[in-house]
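Engineer: Please see the structure below; I have some questions.
The values are calculated or read from the model by the stated rules, or taken from the named source; none is laboratory data. Given the structure is predicted, the values throughout are model-derived calculations rather than measurements. Here the Cβ positions follow ideal geometry from the backbone for every residue, glycine too, while neighbour counts run over all protein chains shown.
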Amino acid sequence: MASAIKNTTFMTIASVFQKVIAFIYFTLIAREIGVAGTGKYFFALSFTTVFVVFVDLGLTNVFIREAAKAREKLGVYLSTILSIKIVLGILSCVVVFIAINALGYEVETRHLVYLSVVTMILDSLHLTLYGSLRALGELRYEAISIVGSQLLTLGLGSFFLFSGFPLIFLILAFTISSGLNVLFVMSVLRIKHRISLKPEYDTDTATYITRIAIPFALAAIFARVYSYIDSILLSKMIGDEAVGLYSIPYKITYAFQFIPLALIAALYPKFSEYFAHDKARLSFVFERGLKYLLLIAVPIAIGIAVLAQDIILLLYTEEYLPSVLPLRILIMSLIFSYLSFPIGAFLNACDRQASQTTIVGIVMVINIILNVLLIPRIGIVGASISALVGNILLAVLGYCIIPKITAVSHGYVAKAFFQILLSAGSMGIFVYITNVRFHFLYAILVGAISYPILLYIFRSVTIQEFREVVSLVKK
């Protein structure tokens, strides 16, 4: 138990640092190279991220789960998966090369994509290698590498950026840190654990793993396309500047996703346990999980929506002012994005992963259709609306399946939502009034002070629920 707590602590702290450092790096890039350059940079990463999902196809998730069950087979699993991923990596490179050339992008953009795909394949490779350590219950090396590689990327990238190097060097910073990350984890596996890293294809093992990985693969593909197709469509339909403007609200909104991920890390095993043994407790934990995330997401969304223009001008430049309205729209999707995390985890934990995969697939299709219809008419605002609708559907469709698994107090959930919305909405009014008269940093302070007071006034949180939150954070 102590080891599990230590591992969770390592990964949570590392994930927070990773998000912070990555956000700082992107902010420096956006300020320095302008909208068009940021658009090319963000497009290259988005384009390759969609295609490189085919290198893994859920294999790492299956590998971790199966190797943890039978550690004596870890070496066979790893060798077989490495051999499969080498083939998939080569095929992905070929597909990306054909696709980016067929779409008619200029030389600089194509070169950015070529280097980006190499970087993503290295990332996919070290993800599987670190999966070996996860299966062995040893996460500290991965935590160290997460922070170390981000710091290295920040250092190298900042040097390239402020020294006036071409745009491709900003991606080269990722490539170098990813390559070193692979060498680092290979050294740990070889020296400390004496694990062979030689790719060897075993037919029986490959068949077994592939069969299990299919639902994971579909879910990963749907989620990846859903998350990045808007940037690709913006690039093709409007151009690099549109992608650059859209990347700002995108990055700001998704910078906060480590919060629900941390909570789900604590709730997921509880969902699985209570599904098997205690349905009443399962309902209780699920309802509380939704409320805890609403307590965090709603004030963040409303506060950023009110202060969107000041945030854009502080972090970026006036060149990015067209990003203000998309940020206000996209940040509201954060509320439903937060809700979709416990809902998706609940369905997966309760043997409804097929339902969750189907929902993500449906939302992906709707999202693509909305983007195709709206982007030509209203540009990045259309992409933001499409993302908002998609996150709403993810949460609502998933929530509709929950009552088929266990009884849920819809009254409790609705009451919690409207009480928190009332508290955060009132906070938003105070923030707006303060921001009109004073510097927006004072408005942030007013929001931070007024929100908990308003929660108490509107009875949005009880003392018992507050204690539960504190206990969960400690765990």
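Engineer: Of everything in segment 361-394, what is of a type in the set (A, V, I, L, M), more than 20 Å from Val324 (Cβ to Cβ) and within 17 Å of the chain's Cα centre (by Cα)? Give them in sequence order.
Structural biologist: Selection gives Val363, Met364, Ile392, Leu394.
Engineer: Check whether at least one residue in segment 117-139 is at pLDDT 90 or above and under 25 Å from Arg31 (Cβ atoms), and report yes or no.
Structural biologist: Within segment 117-139, one or more residues are at pLDDT 90 or above and under 25 Å from Arg31 (Cβ atoms).
Engineer: Sticking with this one: Across segment 271-283, what is the number of residues that are within 21 Å of Tyr412 (Cβ to Cβ), touching a residue at least 12 places away in the same chain (Cβ under 8 Å) and buried (at least 17 other Cβ atoms within 10 Å of the Cβ)?
Structural biologist: Residues in segment 271-283 being within 21 Å of Tyr412 (Cβ to Cβ), touching a residue at least 12 places away in the same chain (Cβ under 8 Å) and buried (at least 17 other Cβ atoms within 10 Å of the Cβ): 4 in total.
Engineer: Going by what's in this entry, would Gly148 be described as surrounded by fewer than 18 Cβ atoms within 10 Å (Cβ to Cβ) and not in a helix (DSSP H, G or I)?
Structural biologist: no
Engineer: Continuing with this model, one more query. So which of Val408, Val363 ends up being part of a loop (DSSP other than H, G, I, E, B) and either under 24 Å from Ile259 (Cα atoms) or outside the structural domain of Lys291 (by TED's automatic domain parsing) (or both)?
Structural biologist: The conditions single out Val408.
Engineer: Take the residues in segment 106-144 that are assigned to a loop (DSSP other than H, G, I, E, B) and in contact (Cβ under 8 Å) with a residue 24 or more places away in the chain, then tell me which one is surrounded by the most Cβ atoms within 10 Å (Cβ to Cβ).
Structural biologist: Among those that are assigned to a loop (DSSP other than H, G, I, E, B) and in contact (Cβ under 8 Å) with a residue 24 or more places away in the chain, it is Leu139.
Engineer: Checking the structure you have, find out if any residue of segment 185-192 is at pLDDT 90 or above, of a type in the set (S, T, N, Q) and in a helix (DSSP H, G or I).
Structural biologist: The answer is yes; a qualifying residue exists.
Engineer: Going through segment 257-308 one residue at a time, which ones are over 21 Å from Arg328 (Cβ atoms) and not in a helix (DSSP H, G or I)?
Structural biologist: Selection gives Asp278 alone.
Engineer: Sticking with this one: Output the residue which, of all residues in segment 187-202 that are in contact with a Ser or Thr (Cβ under 9 Å, 6 or more places away or on another chain) and hydroxyl-bearing (Ser, Thr, Tyr), is nearest to Gly75 (Cα to Cα).
Structural biologist: Ser196
Engineer: Any chance segment 25-36 includes a residue that's of a type in the set (A, V, I, L, M, F, W, C), over 18 Å from Leu125 (Cβ atoms), within 16 Å of the chain's Cα centre (by Cα) and at pLDDT 85 or above?
Structural biologist: yes
Engineer: When only residues in segment 159-182 that are more than 25 Å from the chain's Cα centre (by Cα) and part of a helix (DSSP H, G or I) count, which is surrounded by the fewest Cβ atoms within 10 Å (Cβ to Cβ)?
Structural biologist: So the residue we want is Phe162.
Engineer: On to the next question. Step by step: first the residues of segment 411-455, then only those that are among the aromatic types (Phe, Trp, Tyr) and in a helix (DSSP H, G or I), then the one that is modelled with the lowest pLDDT. Which residue is that?
Structural biologist: My answer is Phe440.
Engineer: Check whether at least one residue in segment 466-473 is in contact with a Leu (Cβ under 7 Å, 6 or more places away or on another chain), within 24 Å of Leu339 (Cβ to Cβ) and in a helix (DSSP H, G or I), and report yes or no.
Structural biologist: no
Engineer: Can I ask one more? When the residues of segment 398-449 are filtered to those that are of a type in the set (S, T, N, Q) and within 20 Å of Leu282 (Cβ to Cβ), which remaining residue is surrounded by the most Cβ atoms within 10 Å (Cβ to Cβ)?
Structural biologist: Thr406
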